[in-house]
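Trainee: Have a look at the structure that comes next, please.
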Amino acid sequence: MALDGVTLKHLVKELAPQLIGARIDKVNQPEKEEIHLLLRTQRQSLRLLLNVSATAARLHLTPENKKNPTTPPMFCMILRKHLEGGKIINFEQMGLERIVLITIQNYNEYGNLAALQLYLEIMGKHSNLILVDPEREIILDGLKRYSHAVSRHREVLPGRVYITPPSQGKYDPISEEETFSSILFQEEISSKLTDLLVKRFAGVSPELAREIIIRAGLSERMQVEQCGDIDISRVFQGYLALANPDAFPKIEPCLYFQGGGSLKNGLPAAFTFVPFQQYQGLAIETFSNLNDAIERFYRMKANNNNLEAKRGSLRKIVAEHLQHMTKKLGIYEGTIENAEKSFKYQRWGELITANLYRIKPGMKEIIVEDYNEETLPKITIPLDPQLSGIDNSQRYYRLYNKAKVTIQKTEPLKSATLNEVNYLESVLLSLDNASTPLELEEVHKELIDQEYLSGKSVHKNIEKKKGKFAYKKDTKKKQGNKPEDPQPKTYFSSTGRIIFVGKNNRQNDWLTLKRGRPQDLWLHVKNIPGSHVLIPLEEGEEFPDDTTLEEAAALAIHFSQARNSTLVPVDYTHVKNIKKPNAAKPGMVIYETNWTLYLTPKPEVLQKLFASETTEEIMNIRKGTGITPVPFLKYFRYVNELLE
């Protein structure tokens with residue numbers, strides 16, 4: 001959700017008491033389009049974030065201390081010169097426009113106390129932060145400079161007169177229904193109500209307009225010409241309830257998450273100053289103040305964007321390797337296929353030898369009966385007229401032997417390349433399954449260990465030399481503490497049994513080969529890259545209950561390449577039957593004794609499992625050796641109480 005004028009008004013009213021009177025200790029510019037004002041009051045230190053990016057322009061208090069560039073940008077230096085040591089004496093919004101004015105009082109270069117104005121203009125791609133000298137009404141500098149070549153309305157350059165953004169002709173909050181109705185009917189009556197609310201009334205965003213219409217009990221597609229007096233009256237009541245911040249009794253800030261199932265896994269969908277009916281069904285988190293909801297929304301969104309950027313970078317590297325190995329695999333398969341076609345030369349050599357008495361000098365072919373078949377079909381064998389019969393036979397034997405040697409040499413290369421392809425596909429799956437920076441970092445380290453990456457940067461990955469890939473190996477030994485054990489995902493079945501799921505190859509190996517005990521049950525989708533799933537069992541227990549087994553299989557399918565398939569085969573066996581071949585790639589294991597079940601996961605079952613996910617340390621689990629007997633249902637209830 002955008003930070004619309006109404007929401008911004010609530011935010012400014014909330015922050016003003018905290019900011020007015022605060023001293024500016026430091027000004028930082030950690031990002032190209034973001035300024036941090038480090039403030040000090042009598043009671044606490046605050047950090048005010050001012051962002052003017054096209055997709056995330058905003059302001060709010062934040063606890064996040066971002067790393068600053070070595071050399072501060074010019075605009076940051078200008079702000080430091082004029083604002084550091086100053087005191088905020090006013091903090092207000094210009095009507096319901098998305099413009100916030102911060103007035104700072106500070107001593108100028110002549111030692112006189114003077115006021116400066118900092119305008120934060122939130123206008124999408126035209127957002128800006130402008131420092132103005134109000135006495136002379138000129139711009140000292142702007143974070144984004146532009147001339148009339150960009151905007152005919154005004155220039156944002158040092159020394160130019162500050163001109164506010166052009167008015168959009170919107171109406172301030174209306175308190176009379178008759179006036180409200182007349183404004184609506186001034187426009188084309190075929191226009192949608194939501195569009196008119198955004199176009200004609202200050203501070204109303206598309207989301208807020210949609211909420212007004214929903215609360216009026218009307219369709220979002222409702223047009224003005226379809227409305228009667230009662231409909232207009234309902235819309236007006238919804239407008240009164242939401243669009244006038246000054247008359248609003250008390251806000252109830254909320255943060256909504258996509259997916260609806262888990263606050264831990266969901267992506268932030270919207271923040272609101274009161275619960276919105278249009279977001280019913282989404283997971284919701286409530287806050288005591290609007291600033292915290294907005295800060296959490298943008299922080300989670302930024303973290304997710306960073307996660308996706310890193311995921312995309314690693315995916316590109318792995319996909320390039322996979323494309324290269326797939327091409328090699330195709331070459332090997334084609335070589336073997338062509339060589340297998342030469343197997344017929346052995347039979348031809350034998351048939352020529354058996355019919356030497358029929359071959360005359362200069363013959364170009366011979367028709368013989370193939371005694372290897374019951375029907376004795378006649379076949380035509382080409383001959384080299386310059387060679388004798390025995391020499392023609394030996395030529396075909398040589399071609400057969402050459403094909404046999406080719407296959408013998410190519411089969412190991414094909415097998416190794418196929419293993420490499422399967423491994424890279426499993427890494428791609430691990431990247432898709434990674435939901436936290438830690439899980440993504442585990443995949444990154446795995447790629448370094450397997451020499452697909454250097455240890456320096458995910459962007460400096462592979463070099464192409466003469467059409468081949470040269471892997472860069474990090475030969476420096478890292479010093480420090482022993483790396484922590486991986487943390488596979490933990491879920492609880494409907495009956496309270498623990499189910500562990502590895503999200504990447506490193507977690508898979510650790511879960512199966514170190515944490516798993518011989519009697520524990522292990523699951524994996526058959527012959528398809530996917531996660532290792534482990535159900536801890538107690539001594540003397542051969543299998544868990546059927547519900548747990550089916551739910552564990554559903555998780556194995558969900559975290560595999562067969563996620564969207566039906567009747568997927570899932571192998572399950574005990575850990576004692578699992579072996580890892582020497583020099584096998586991470587996550588690669590073999591087994592012989594197993595059972596197989598076929599399952600199509602039900603969405604509602606997966607939703608319940610995801611809701612039970614926890615990253616907390618599991619009680620009574622012995623690291624590396626398995627678990628002690630625990631009353632699972634009792635512990636499951638205990639965890640639920642903690643989560644509640």
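Trainee: So for segment 71-78 (the condition being polar (S, T, N, Q) and touching a strand residue (DSSP E or B) at 6+ places or on another chain (Cβ under 8 Å)), does at least one residue qualify?
Mentor: First pass over segment 71-78, keeping only residues polar (S, T, N, Q): 71.
Then drop every residue that is not touching a strand residue (DSSP E or B) at 6+ places or on another chain (Cβ under 8 Å), which leaves none.
No, every residue in segment 71-78 fails to be polar (S, T, N, Q) and touching a strand residue (DSSP E or B) at 6+ places or on another chain (Cβ under 8 Å).
Trainee: Could you identify the single residue in P518, P486 that is more than 25 Å from L429 (Cα to Cα) and assigned to a loop (DSSP other than H, G, I, E, B)? Walk me through how you get there before you give the answer.
Mentor: Numbers: P486 fails: more than 25 Å from L429 (Cα to Cα).
Among P518, P486, only P518 is more than 25 Å from L429 (Cα to Cα) and assigned to a loop (DSSP other than H, G, I, E, B).
Trainee: Let me ask another. H324 is checked against (1) within 21 Å of the chain's Cα centre (by Cα); (2) part of a helix (DSSP H, G or I) and fails just one. What number does that condition carry?
Mentor: Answer for H324: the failing condition is (1).
Trainee: Of the conditions (1) at pLDDT 95 or above; (2) part of a loop (DSSP other than H, G, I, E, B), A293 satisfies every one except a single condition; which number is it?
Mentor: Here A293 clears every test but (2).
Trainee: Looking at segment 532-571 only, could you name the residues that are among the hydroxyl-bearing types (S, T, Y) and either modelled with pLDDT of 95 or more or outside any loop (DSSP other than H, G, I, E, B) (or both)?
Mentor: From segment 532-571, those among the hydroxyl-bearing types (S, T, Y) are 547-548, 560, 565-566; that's our starting set.
Those that are among the hydroxyl-bearing types (S, T, Y) and either modelled with pLDDT of 95 or more or outside any loop (DSSP other than H, G, I, E, B) (or both): T547, T548, S560.
Trainee: What number of residues within segment 327-362 are out of contact with any Asp or Glu (no Cβ under 9 Å at 6 or more places or on another chain), part of a helix (DSSP H, G or I) and surrounded by 15 or more Cβ atoms within 10 Å (Cβ to Cβ)?
Mentor: The number of residues fulfilling the criteria is 10.
Trainee: Another question, then. Where residues in segment 118-167 are in a loop (DSSP other than H, G, I, E, B) and touching a residue at least 60 places away in the same chain (Cβ under 8 Å), which of them is nearest to R58 (Cα to Cα)?
Mentor: At the first step, the residues of segment 118-167 found to be in a loop (DSSP other than H, G, I, E, B) are 122-123, 127, 134-137, 143-145, 147-155, 157-160, 162-167.
So of that shortlist, the ones also touching a residue at least 60 places away in the same chain (Cβ under 8 Å) come out as 122-123, 127, 143-144, 164-165.
Details: I122: 7, M123: 10, S127: 9, L143: 14, K144: 15, T164: 18, P165: 17 Å.
The selected residue is I122.
Trainee: Check off (1) loosely packed, with under 15 Cβ neighbours inside 10 Å; (2) touching a Phe, Trp or Tyr at 6+ places or on another chain (Cβ under 8 Å); (3) modelled with pLDDT under 85 for P486 and give me the number that stays unchecked.
Mentor: Failing condition for P486: (1).
Trainee: For the list (1) polar (S, T, N, Q); (2) closer than 21 Å to N106 by Cα; (3) outside any loop (DSSP other than H, G, I, E, B), I need the number of the one condition that T7 fails.
Mentor: The failed condition is (2).
Trainee: Taking the condition of a type in the set (A, V, I, L, M, F, W, C), in contact (Cβ under 8 Å) with a residue 12 or more places away in the chain, over 30 Å from T436 (Cα atoms) and assigned by TED's automatic domain parsing to the domain that holds Y423, does I352 pass?
Mentor: Details: of a type in the set (A, V, I, L, M, F, W, C): yes; in contact (Cβ under 8 Å) with a residue 12 or more places away in the chain: yes; over 30 Å from T436 (Cα atoms): yes; assigned by TED's automatic domain parsing to the domain that holds Y423: yes.
It is true that I352 is of a type in the set (A, V, I, L, M, F, W, C), in contact (Cβ under 8 Å) with a residue 12 or more places away in the chain, over 30 Å from T436 (Cα atoms) and assigned by TED's automatic domain parsing to the domain that holds Y423.
Trainee: Pairs needed: first member in segment 278-290, outside the structural domain of H60 (by TED's automatic domain parsing) and closer than 13 Å to Q258 by Cβ; second member anywhere, polar (S, T, N, Q) and outside any helix (DSSP H, G or I); C-beta distance under 8 Å; at least 6 residues apart or different chains.
Mentor: Short answer, once both residue conditions are applied: Y279/T272; L282/Q258; A283/S262.
Trainee: Moving on. Go through the residues of segment 55-66 one by one and say whether even a single one is under 19 Å from I102 (Cβ atoms) and charged (D, E, K, R).
Mentor: yes
Trainee: Of all the residues that make up segment 572-601, how many are charged (D, E, K, R) and in contact with a helix residue (DSSP H, G or I) (Cβ under 9 Å, 6 or more places away or on another chain)?
Mentor: Of all residues in segment 572-601, those charged (D, E, K, R) come to 576, 579-580, 585, 592.
From the residues that got through so far, the ones that are in contact with a helix residue (DSSP H, G or I) (Cβ under 9 Å, 6 or more places away or on another chain) too are 580, 585, 592.
So the answer is 3.
Trainee: Restricting to segment 177-227, and then to whatever is of a type in the set (G, A, S) and more than 19 Å from L8 (Cβ to Cβ), can you tell me which residue is surrounded by the fewest Cβ atoms within 10 Å (Cβ to Cβ)?
Mentor: Pass one, segment 177-227, residues of a type in the set (G, A, S): 181-182, 190-191, 202-203, 205, 209, 216-217, 219.
Remaining after also requiring more than 19 Å from L8 (Cβ to Cβ): 181-182, 190-191, 216-217, 219.
Details: S181: 18, S182: 11, S190: 9, S191: 15, A216: 22, G217: 11, S219: 13.
Here the residue is S190.
Trainee: Taking the condition assigned by TED's automatic domain parsing to the domain that holds E31 and at pLDDT below 90, does G111 pass? Lay out the reasoning, then the answer.
Mentor: Values: assigned by TED's automatic domain parsing to the domain that holds E31: yes; at pLDDT below 90: yes.
Answer is yes for this residue.
Trainee: Let me ask another. If N90 passes every condition in (1) in a strand (DSSP E or B); (2) crowded, with 17+ Cβ neighbours inside 10 Å but one, which one does it miss?
Mentor: N90 satisfies every listed condition except (2).
Trainee: Here's a follow-up. Spot the failing condition for I294; the list is (1) under 20 Å from the mean Cα position of the chain (by Cα); (2) of a type in the set (A, V, I, L, M, F, W, C); (3) not assigned by TED's automatic domain parsing to the domain that holds H444, and only one is missed.
Mentor: Only one criterion in (1) under 20 Å from the mean Cα position of the chain (by Cα); (2) of a type in the set (A, V, I, L, M, F, W, C); (3) not assigned by TED's automatic domain parsing to the domain that holds H444 is unmet by I294, namely (1).
Trainee: Another question, if that's okay. Looking only at segment 198-226, which residues are in contact with a Phe, Trp or Tyr (Cβ under 7 Å, 6 or more places away or on another chain) and free of Cβ contacts under 8 Å to residues at least 60 places away in the same chain? So that I can check it myself, show each step before the final result.
Mentor: Here is the first cut: in segment 198-226, the residues in contact with a Phe, Trp or Tyr (Cβ under 7 Å, 6 or more places away or on another chain) are 200-202, 211-212, 224.
R200, F201, I212, V224, listed by residue number.
The values are calculated or read from the model by the stated rules, or taken from the named source; none is laboratory data. Keep in mind that what you see is a predicted model, and the values were worked out from it rather than measured. Cβ: placed from backbone, ideal geometry, glycine included. Neighbour counts: every protein chain shown.
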